[in-house]
Each structure stands twice: as C-alpha cells, then as structure tokens.
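Quick notes on the structure that follows.
The values are calculated or read from the model by the stated rules, or taken from the named source; none is laboratory data. Bear in mind that the values here come from a model prediction, so they are computed numbers and not experimental data. With ideal geometry, Cβ positions are generated from the backbone for all residues, glycine too; neighbour counts draw on all protein chains shown.
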C-alpha cells in the first residue's frame, strides 16, 4: 500500500490507493485545516508536495485548479481534500494550513478532591472449591469481597466470571484482585495483588480534546495529553459534522471511530510513559458538547440541528469501555456526563463543578469562549444558561495568518509609545531552532484587534484606518486599507508577512457580537444590571487578556480585576467526577436546575447582535 509521510512532524501512515491526502494526514495524527469539511470549497488545506513524488498523485481536476493560489515561493502545492494518492509521497504542511489546536501551555489546575472513586480494587484470598455440592467460585469471591468491604452482599455477575483469568488453574488458596464498581458489583478478577487503580478523564471539544490519566486512590494526575479532534476532516464546526451525517449516515460511525482511535492513542502513550497497564484503567469519565457526546456514543446528533434542538437523551450515561471500543479494561464503566440542552453539554456542567459556594452568591457569570460560546449566569444561586454560535475565529481559524496555539504563534499584540507595533509569541522553536513567529493564534487575533482599536488603527465600526494613519497599513491598490502588517516577512518563520486583514477583523466582530448579545439577553431576563465576577473557561479563555476583551466589548464592562481565567475547567470537572463519585450526582443535579434560554428566533438577539458589532466597551444599561 502507498505510504504517506507528513512534515514537519515526520509522521507516516499507509493508505489505500485512491485515498485522499486529508484523510491520510488525520489518520497519521497530523491535522490539516479543513474549514469546509473536505468538500473542496474553501482551499484551506493547501500542502506542498515533494517534487520527487508528484507522479504518485492523481492530477488536479478543474475544481482544485480553480482553488489553488499562485504561490510566490514556487514548488508544487495541492489541496489535501481533493488529492488522491496512488504511490508513496511526502508532503509538508505549512503553518497556515495546520489544523488549529489550542494546546494547554499551563499546568492543569490542581483541584483538591477527596478520593472516593466509583471503582476500586480489593485483594482477597479465596479458598479452593470443595467437592460438590460446594458453593460456586462466584459465591466464594462475593463472600470474600463483601467481608473485606464490610458489606452484606456484593454481586459477581457472569461476565466477570467468564473473564476469570484470575482463577485459571485454581486448585488451592489463591490471592486475587477484584475490581469493584460502586462497592456493589465485581466487574474484573485478576490474579495476584494488583493495587494500582487508574482511570481516565476525557474532555472532547470540537477543535481539540484532552486525556488525563489518573491514579484513583491517590487522586493524582499521572499524565495529560492533548490532540486536535480528527473529526475536523468533516468540518471545523458541529453544524458541518451534523450535515455530513445527515447526507451520509455512515459518517457517524466514521467520526466515532476517529475520536475513539485517537483517545486510545493518547491513552497508550500515557500508559507507556508512566508504566501503567491498560487493564489497570478501570474507570472513565467523558465530557464534551452535546454533538461530541452523541457521536462518541454512536448516536446521531441530527436532532440537535433542527427545531426544537433537543438531545436524544439528557441524563448521564454509563456504558462499558468495550462497547465504545476504548482500549482500557474492557469492563471499565465509562460515565458520559449529562447535558442541559441541545447546545449546552457535559463540558459546561463539568466547568460548573469546579466553582465553589461563592459562585452561588451575588451575580456571577461563567463564559466558555470557543467555537460554541456557552454562558451560565448565577443570580444568587438561580442558574440560567444560553449558547451562542461564535464560530472558530477564537481558535485562530478563518484567519488569514491563523495558526494553532503552539511555539511561534503570536498570542499578544500592543502598540508601543511612538506607534511601533509590538508582539509576544508562545515561547519555543521549530526543529531547526527557529524562534521567529509563524502566525496568530486565537488570543493573538483578539489582542491584535484590541491593540488596533486602542491605537486608532481600527475604527469602532471595524474598518481599518486610512493608509496614511500608519506605515504598516496597506491598501493593496484598492483605495482602502485591507491589511495591518504585524510582522514583516523578513522576521517571520514562513518568509511571509504576518498580517491582520479587514476580513479577519470582520470575523472577530461577528463572533464577538454573537457572544455579547447572548450575554446581554441572559442578564436582561434575570434582571441583572451588575456583575460581581466573570469567569473565563476553556483553554482559549485561559490565554485571553482581560484588558483586551474589555477594550473590544466582548463582555459587559466590569472592573478588570473581576475577570478571572479558570483554564480548562471542563477537564478539571471531569477529573473531579473521576476521583469522587459525589460529583457525578452533583452534575446530574446541576443539569436539572439550570434554566435554558433559547436564542434562535428572538428578534432582540438580532438587534443586539447588530449593535454589538461595535468594537468598543458599551454599558449594559444602554442596551437592555
């Protein structure tokens, strides 16, 4: 079979003849942008082909030729979604074509949780069975485990005995390890003493996902790994993925397999690094937005995309790992979080779990800024929530020079005294030690717009200032400014200017106004005029500068010190539910007490949306 090698990560994978480069890259774990979901419409999946391998690819058709840009550096470039493979080939993915991955750069939040896991292990010695009519092995095991746990009864169902590897050759006294679920049911029997009890917490986002490998008894994180969501080959937003499933029902299983395979890959890497056996992972918790949770369970999310936008189920679901295809102990129970509505899922509930009692006093707002913007308001403990489609701009997508949040991505922009544009990039180098910037990640885009507004280079209406206002504004010969050059080509790793375009600013305006309009309606419905605190959740929210989001009016005006970033709160909440069963019950209770505000069809949302395209702080009192 043909082999594809993808640089700069030097990943390699075998594919079937006729398979397309985009699918091959994601199969190899090398993400390539696909704004249109691989339908040959956007041109975002541009890759460079090794000159020696051009004959290994089918020639470009008219559609591809119409989308291929003229490339100033020369070389052969193709669109990965339209390029069929017929032989061995090597490709390079330029920074601007790399799929956005908002990789956490700060350590995960250390949340102290009393360890009381749902699944635990006990080591017991079981007497050899006597001649008939002696009791069964299952009965002996049940008695021994119950005695150790101080319970009257413990069940040992048939599946645990069918997989009774711990009892093979059982002819005398034998020490075994019994894995017990909820202190009521033995789900696994292993020979000897196996005291290590591990679990995984998984946070599946539309753009990326995170896997935590944890020691359940100690309440410790052993390993954390993140990767881009491979479902992005079907589109960068949930609507695109729903559309694919509607048009081709087989896409549901394909998407489910993609994410499960990548979860297994990260789990295997973590186990290898930390010396953990896969069958020692006996519990799992998964959170995500409703679409991601539906797809993981193999349930079509089509009902989420049409009125009344209801999920197929809303309570938490517990299934065996073997049913999902997770490469951990087959008997491990996997708890998939409950959902609040069709657009507010387990990730939002998990984030809420991390908030203490102070969140339920006064007026507190939790905002998860991402491809979907979820907002939860606590008004003296009364909870209400809504969701706004902000688009992937906040992840760095749909931006001319947008790149994933990795070393070399610009994350902060400001205008120094004298008008010089300055920037700060995520520390790190490429394989060759190059420290120069490669593009703008999501926080860099917001920071760039805020800096431009503050310096008068971008008007409150979003229009770039006239060319004469600053030497780094360009009009491209069309009589109006269309680009603000942040980094000259001579100082960028790509050899091209890093710019903020007029179209980029418009994309920020659309995402910002959708989120702000949703917040204002939520506040108005609850009669709230003043917020005591705003929490920014999500990996992206962790990198935002409070001053920047206040300067463009992304959130209501509050003192800057009342805005607090809480990082990947969804991942924190998932781990809390993994370490302590009490938090699973809390999540169920929270889901039932939140009032959901549906924005679709509301005329006031449209009015506020238009009003909040303005890039300037606007008081809530003037709008609601």
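The table for this structure:
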item: Selection from segment 11-40 of residues that are over 20 Å from residue 262 (Cβ atoms) and either surrounded by 13 or more Cβ atoms within 10 Å (Cβ to Cβ) or in the same structural domain as residue 243 (by TED's automatic domain parsing) (or both); result: 35, 36, 39, 40
item: Hits in segment 472-492 - residues which are more than 34 Å from the chain's Cα centre (by Cα) and surrounded by 11 or more Cβ atoms within 10 Å (Cβ to Cβ); result: 472, 473, 474, 475, 476, 480, 481
item: Failed item, numbered, when residue 560 is tested on (1) touching a helix residue (DSSP H, G or I) at 6+ places or on another chain (Cβ under 6 Å); (2) surrounded by fewer than 18 Cβ atoms within 10 Å (Cβ to Cβ); (3) modelled with pLDDT of 95 or more; result: (3)
item: Given (1) over 25 Å from the mean Cα position of the chain (by Cα); (2) farther than 27 Å from residue 601 by Cα, index of the condition residue 525 fails; result: (2)
item: Filter result for the condition that a residue is farther than 25 Å from residue 450 by Cβ and out of contact with any helix residue (DSSP H, G or I) (no Cβ under 9 Å at 6 or more places or on another chain), over 357, 416, 350, 385; result: 357
item: Leading residue by the ranking (surrounded by the most Cβ atoms within 10 Å (Cβ to Cβ)) among those in segment 589-605 that are more than 13 Å from residue 315 (Cα to Cα) and out of contact with any strand residue (DSSP E or B) (no Cβ under 7 Å at 6 or more places or on another chain); result: 605
item: Condition met for residue 270 (at pLDDT 95 or above, out of contact with any helix residue (DSSP H, G or I) (no Cβ under 9 Å at 6 or more places or on another chain) and crowded, with 20+ Cβ neighbours inside 10 Å); result: yes
item: Residue among 334, 386, 348 that alone is in a helix (DSSP H, G or I) and either modelled with pLDDT of 95 or more or within 22 Å of the chain's Cα centre (by Cα) (or both); result: 348
item: Within segment 465-491, tally of residues that are in a loop (DSSP other than H, G, I, E, B) and modelled with pLDDT of 85 or more; result: 8
item: Only one of 218, 193 that is modelled with pLDDT of 90 or more and in a loop (DSSP other than H, G, I, E, B); result: 218
item: Residue match in segment 586-596 (condition: touching a residue at least 24 places away in the same chain (Cβ under 8 Å), farther than 30 Å from residue 213 by Cα and touching a helix residue (DSSP H, G or I) at 6+ places or on another chain (Cβ under 7 Å)); result: no
item: Selection count where residues are assigned to a loop (DSSP other than H, G, I, E, B) and touching a strand residue (DSSP E or B) at 6+ places or on another chain (Cβ under 6 Å), scope segment 559-580; result: 1
item: Single residue of segment 264-288 satisfying the filter (assigned to a helix (DSSP H, G or I) and within 22 Å of the chain's Cα centre (by Cα)) that is farthest from residue 228 (Cα to Cα); result: 271
item: Test result for residue 295, part of a helix (DSSP H, G or I), crowded, with 20+ Cβ neighbours inside 10 Å and without any contact (Cβ under 8 Å) to a residue 60 or more places away in the chain; result: no
item: Leading residue by the ranking (modelled with the lowest pLDDT) among those in segment 155-186 that are in a loop (DSSP other than H, G, I, E, B) and under 15 Å from residue 136 (Cβ atoms); result: 170
item: Single residue of 321, 327, 284 found to be in contact (Cβ under 8 Å) with a residue 60 or more places away in the chain and in contact with a strand residue (DSSP E or B) (Cβ under 7 Å, 6 or more places away or on another chain); result: 284
item: Positions within segment 355-370 being assigned to a loop (DSSP other than H, G, I, E, B) and surrounded by fewer than 24 Cβ atoms within 10 Å (Cβ to Cβ), in sequence order; result: 355, 356, 361, 362
